[in-house]
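See below for the structure under consideration.
The values are calculated or read from the model by the stated rules, or taken from the named source; none is laboratory data. The model shown is predicted, which means the values in this text are computed figures rather than measured ones. Cβ: placed from backbone, ideal geometry, glycine included. Neighbour counts: every protein chain shown.
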Amino acid sequence: MDELQIKNLTVKYKNRQSILGKEQTIHAVNNLSLDIKKGEIIAIAGESGCGKSTLAKAIMLLETANSGEIIFEGQNILQMQKAKLKEFRKKVQMIFQNPYASLNPKMKIFDTLKEPLKINTNLTDEEIRQKVVETACKVGLDKDCLSLYPHEFSGGQRQRIAIARALILNPEFILADEPVSALDVSIQAQIINLLKDLKDDYDLTFLFISHDLSVIKYLSDRVAIMYLGEIVELGKTDEIFFTPEHPYTKALLSSVPQITKADKIILEGDLPSPSDLPQGCKFHTRCPYCMPICREKMPDETRITDTHYVKCFLAKSMI
Ligand code: SF4
């Protein structure tokens, strides 16, 4: 069963800081469709600037979508009335990359965790206190630390607090945008394992955004590879890591030598500017297999298996 469906989503915005004072249109998400199943961890991987974070913000309504639909529990959230949106915001929460920036430095941790309950529930003060303590313990925080401020914690502990705040309203769906990339390597594994445990305990669905393929391989059920605002390959985690089809996926995997035995492609050049998208296949300016047709036409989805598709003219359907 699908928890969230994204249909033909497009997000573009004006960049007012462009050189020569000219406005540029940034095409961050381009006609993207994705179905997210209830209870799964789906990861989105791609280089910085490929549109991953814009996609997450569009789902959270922090970025305005220009067209398309985002369906949650049968309703398009882009057209929801205010009252329904309040329900949506309770059920869908986000964990950000930088735990320090996402916490109010002037609020004690108890107050940070209490605030969403005060605003969104009718719980008594005692029930709120119990819920805050219970959630803090769930993410591995000592209840004695609830009277402290964010600056009194380490990076890993701050991310635990941010996770507790995301969980406090018992959400169904969590968007985690690079949740461990700002943490020391030694702490990353703790937070990843915590997210995995919480997913089972709270029966959560996760959209996990990361550029770290090792973390994605460990954590996710399915992986979507994103390039210049489009998903170019989608499959189960094993399909993406052991039988990748798209040259861009192979290039990403090549950057982590021990992770796959697939053909190695070393990527040259930078990601083209999303203000000046290439015609045809958007990867053609960097693809070692580029053919004349790739410069003219966008490849459609080719189904490799029931669960695996790729957008590349080289791919041959196996079903
Ligand atoms: Fe490369 Fe062409 Fe495939 Fe695009 S469609 S990835 S340019 S071979």
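What to note about this one:
- Subset of segment 168-181 (residues that are crowded, with 18+ Cβ neighbours inside 10 Å and under 17 Å from the mean Cα position of the chain (by Cα)): Pro171, Glu172, Phe173, Ile174, Leu175, Ala176, Asp177, Glu178, Pro179, Val180
- Any hit, segment 284-301, residues being at negative phi, in contact with a strand residue (DSSP E or B) (Cβ under 8 Å, 6 or more places away or on another chain) and near the ligand (Cβ under 10 Å from one of its atoms): no
- Taking segment 53-106 as the range and being in a helix (DSSP H, G or I) and more than 19 Å from Asn30 (Cβ to Cβ) as the test, the residues that pass are Ile77, Gln79, Lys82, Ala83, Lys84, Leu85, Lys86, Glu87, Phe88, Arg89, Lys90, Lys91.
- In segment 302-317, the residues that are of a type in the set (Asp, Glu) form Cβ pairs under 8 Å with partners that are away from the ligand (no atom under 16 Å from the Cβ), at six or more places apart or across chains, as follows: Asp306/Ile319.
- Enumeration of residues in segment 195-205 that are part of a helix (DSSP H, G or I) and either on the phi > 0 side of the Ramachandran plot or surrounded by 18 or more Cβ atoms within 10 Å (Cβ to Cβ) (or both): Leu195, Leu198, Lys199
- Matching entry among Glu3, Glu73, Glu47, Glu23 (being of a type outside the set (Phe, Trp, Tyr), at pLDDT below 95, within 23 Å of Asp221 (Cα to Cα) and exposed (fewer than 15 other Cβ atoms within 10 Å of the Cβ)): Glu73
- Out of Lys236, Lys311, Lys264, sole residue that is more than 15 Å from the ligand (Cβ to nearest atom), farther than 30 Å from Arg165 by Cβ and within 25 Å of the chain's Cα centre (by Cα): Lys236
- Condition check for Cys145 on (1) free of Cβ contacts under 8 Å to residues at least 24 places away in the same chain; (2) of a type outside the set (Lys, Arg); (3) surrounded by fewer than 18 Cβ atoms within 10 Å (Cβ to Cβ): one failure, at (1).
- Pair list, Cβ < 6 Å and 6+ apart or interchain, from segment 177-202 residues that are farther than 17 Å from Leu213 by Cβ to residues that are in a loop (DSSP other than H, G, I, E, B) and not hydrophobic (A, V, I, L, M, F, W, C): Ala182/Gln97; Ala182/Asn98
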